Amino acid sequence: MAKAMTAKDQNALLWRIGGEPMWIGWWLEAKSGFGNDLGLEDQTALVQAAKHVTLAIPSLFAPEEQVENGYFMWWDLLLKRKAMRPELADTCLEILQDLCWHRDERVQGAALHGLGHLKHPGRPAVVDEFVRRHPDAKGDRWILECREGTVM
C-alpha cells in the first residue's frame, strides 16, 4: 500500500502515470486515418492496455481512498476521437461495462466517466444496468450525464 500523499501529489502522480493512456488515445487518433491506418487488432490491444492501467491504479492507494481527477480522465482522452471504428467502439463498450462491475468504486467511477464520453448506442443500457445493480445511484445527476453522454 502506498503511503498517504497529499491530493496535489496524488494528482501529479496520476497524471504522470495517466500519460500512457492519454498517449494511447492520441496515438490512436494520429494513426487511424489518411494513410496511417493502425490495424484494428493493434488498436484493440492498446485499448486493452488502458483497461489494465485502470485496474492497476487503485492498488497504489488504500481501499476507499479517493483518487484525483487524473484517474478518471484517461478514458475521456482515449475516447475523444473524431471517428472511431464501430468495432473498436464495441470493444470499448465491453471493457467499460466490465469495469463497471468491478468491486472497487473508484474503478466503477472511472468506467462510468468513460461511458459518459463513449459515442455508442449501447451506452445507456450499460448505465441503466449499473443503476439496476446500484439502486442508490438512481436519480444521481452525474450518473444521468454518463448515461446521456454529456459528462464533463
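Every number here is computed from the coordinates shown, using simple stated rules; none is lab data. Treat the numbers as computed from the prediction; the structure is a model and nothing was measured.
Extension gain for the segment Glu65 to Glu94, taken as residue separation times 0.36 nm less the Cα-Cα distance, is 7.8 nm to one decimal. Counting every pair of alpha carbons in region 100-152, the share spaced more than 16 Å apart comes to 29 percent.
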